[in-house]
Amino acid sequence: MRLCAWYLYGEKHRGYALNPVANFHLQNGSVLWRINWMGDSSPRGLGASCGMMVNYRYFLEETASNSALYLGSRQVRASQQVLALVQQFQQNSKL
């Protein structure tokens with residue numbers, strides 16, 4: 001879960017999220033909201049994402065500012081759950 005959070009939040013290509021689905025939602029002003037362990041236990045889900053599923057949340061009054069923040073300064077808005085996982089990854093990784 002920590003690695004997944006880091007991949008979605010911290011791994012970048014030219015400053016934007018490496019994952020194309022994450023990039024799409026973040027460009028449109030969403031918040032990286034929740035990572036669900038075994039959220040997709042289908043054979044395809046297990047093969048594509050180790051069964052993890054991600055929720056993006058759109059707060060309508062914040063979508064324009066979130067989108068501008070991401071596109072302008074490449075900052076990802078994320079929930080406390082995701083940020084805690086990112087912090088745990090950073091503390092335990094050797095990157």
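The values are calculated or read from the model by the stated rules, or taken from the named source; none is laboratory data. Just so you know, these numbers come straight off a predicted model, no measurement behind them. Reconstructed Cβ throughout: ideal geometry from the backbone, glycine too, with neighbour counts over all protein chains shown. For the accessible areas, the whole protein counts, side chains as well, though only heavy atoms, and no ligand, DNA or RNA atoms are used. Shrake-Rupley method; radii C 1.70, N 1.55, O 1.52, S 1.80 Å.
Tabulated results
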read-out	value
All-pairs Cα distance distribution in the chain, expressed in whole percent, bin size 5 Å	3, 15, 23, 24, 20, 11, 4, 1
Solvent-accessible area per residue, Å², over the chain with all protein chains present [probe radius 1.4 Å]	64 Å²
Spin-label model distance (nm) - residue 55 vs residue 88, 7 Å beyond Cα toward Cβ	1.8 nm
Whole-number percent relative contact order across region 1-91, with pairs defined as alpha carbons under 8 Å at least 6 apart	37 percent
Computed over region 53-95, Kirkwood Rh from alpha-carbon pairs, angstrom	12.1 Å
Estimated vicinal HN-Hα couplings, Hz - region 21-30 in sequence order (Karplus 6.51, -1.76, 1.60; Gly, Pro = x)	5, 4, 4, 4, 5, 5, 4, 8, x, 7
With at most 12 neighbouring Cβ atoms within 10 Å, loop trypsin sites (Lys or Arg not before Pro) (DSSP) excluded, longest segment of the chain	15-93
